[in-house]
1. Do you know the relative contact order of the chain, to the nearest whole percent, from alpha carbon pairs under 8 angstrom that are 6+ apart?
2. Would you kindly state how much longer the chain becomes between TYR39 and ASP66 on full extension, computed as 0.36 nm times their sequence separation minus their alpha carbon distance, in nm to one decimal?
3. Rounded to whole Hz and in sequence order, give me ³J(HN,Hα) for the stretch 108-125 from the Karplus expression 6.51 cos²θ - 1.76 cosθ + 1.60, θ = phi - 60°, writing x for Gly and Pro.
4. Compute the Cα gyration tensor for the stretch 11-124, then decide on rounded, prolate or oblate, letting a ≥ b ≥ c be the square roots of its eigenvalues: rounded whenever a/c is under 1.5, prolate when a/b is larger than b/c in the other cases, and oblate in all that remain.
5. Please give me, ordered by residue number, the GluC sites (Glu not before Pro) of the stretch 72-174 that lie in loop per DSSP and have at most 13 other Cβ atoms within 10 Å.
6. Whats the longest run of the chain with zero chymotrypsin sites (Phe, Trp or Tyr not before Pro) that are DSSP loop and have at most 11 other Cβ atoms within 10 Å?
7. Applying the Karplus parametrisation 6.51 cos²θ - 1.76 cosθ + 1.60 with θ = phi - 60° to the phi angles of the stretch 196-204, what ³J(HN,Hα) value in whole Hz is obtained for each residue in order, glycine and proline being reported as x?
8. Using the Karplus curve 6.51 cos²θ - 1.76 cosθ + 1.60 with θ = phi - 60°, what ³J(HN,Hα) values do you get for each residue of the stretch 155-161, in whole Hz, with x for Gly and Pro?
Amino acid sequence: MKFRNPDRSQYKQLLKKAKEGEVIVVPMDDRLTESAPPYVATGRTTPEWFKNSPKNGIRKCAGVQDYLNIGVVIRAWTDFSFDPRPELGGWELNISQMPMCPEPFISDPFPRTATGTCPMTDARKLDESPYPKLVNPYAFITAKGWSLMVTDIPYEPNPNYSVVPAIVNTDYYHHINIVLNLTNDEPFTIKHGDPIARLIPFKRSSDITKLNFAPESMFRFVVGRGLGANQMKDSGGIARAYRKALRQSGDNES
């Protein structure tokens, strides 16, 4: 799949439109956005399994809620069917095509030798299989100084594969392909519309370069503060206290 950019002035104008707190998504074909486009994870898109979880269990954890409600979710733009071919040292991948698109959907795999033996390959049942790189028909643009981190879908592990994590500086490089580490040895299909990866935005300048360790004598002054045990007794629990502190901080709730 080739991404062409013959008019640099149009490209520069698009870069200028990128603002903090936003991601510009550029589809290869506008009709792709009609079926299963990427979407922003918010409280309105919380997974059904989480909505149906025990009220006094994981659903009560504000930290989990915030983790689920962050970033952009990428959904499969077509069907990807995988059949194991151990005799060939890998897999056969069939990709459903959509006649609307000017370029075919493809995978441009990395060979097993690209990583060699590493902890990631220990999870495989077909050790010598390559890493499929599902070439994304969307491009992503962020504001200057912002990047997107590619991860799995949180709390939804797939027994057949994991997404190889990465960080892409999308303020100057806009193509985020989905690289898979195939872990099983049974046929499976990623269906059109299935969530397959999450993009988490962050400002590169916000990264830390140093850890400062306070002495243990300070611990007793910290443990009873913030959302510590003393405040929890009066707040009705840590989840309510956490949300209250979030509102007081001025940040928007998920």
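1. Values: 400 pairs, mean separation 57.0, N = 254.
That works out to 22 percent.
2. Values: separation 27, 0.36 × 27 = 9.72 nm, distance 1.61 nm.
Additional length available on full extension: 8.1 nm.
3. My calculation for the stretch 108-125 gives 10, x, 8, x, 4, 5, 5, 10, x, 6, 8, x, 5, 7, 5, 7, 7, 9 Hz in order.
4. Working: a/c = 1.81, a/b = 1.17, b/c = 1.55.
Cα axes put the stretch 11-124 in the oblate bin.
5. Passing sites in the stretch 72-174 are GLU128.
6. Details: sites that count: TYR172, PHE213.
Result, exposed sites excluded: 1-171.
7. Running phi through 6.51 cos²θ - 1.76 cosθ + 1.60 with θ = phi - 60° gives 10, 7, 10, 10, 10, x, 7, 8, 4 Hz.
8. 6, 10, x, 10, x, 9, 6
Throughout, read-outs are computed from the coordinates displayed, never taken from laboratory work. Just so it is clear, the structure is predicted and the values come from calculations on it, not from any experiment. Cβ coordinates were reconstructed from backbone atoms using ideal geometry, including for glycine residues, and neighbour counts include every protein chain displayed.
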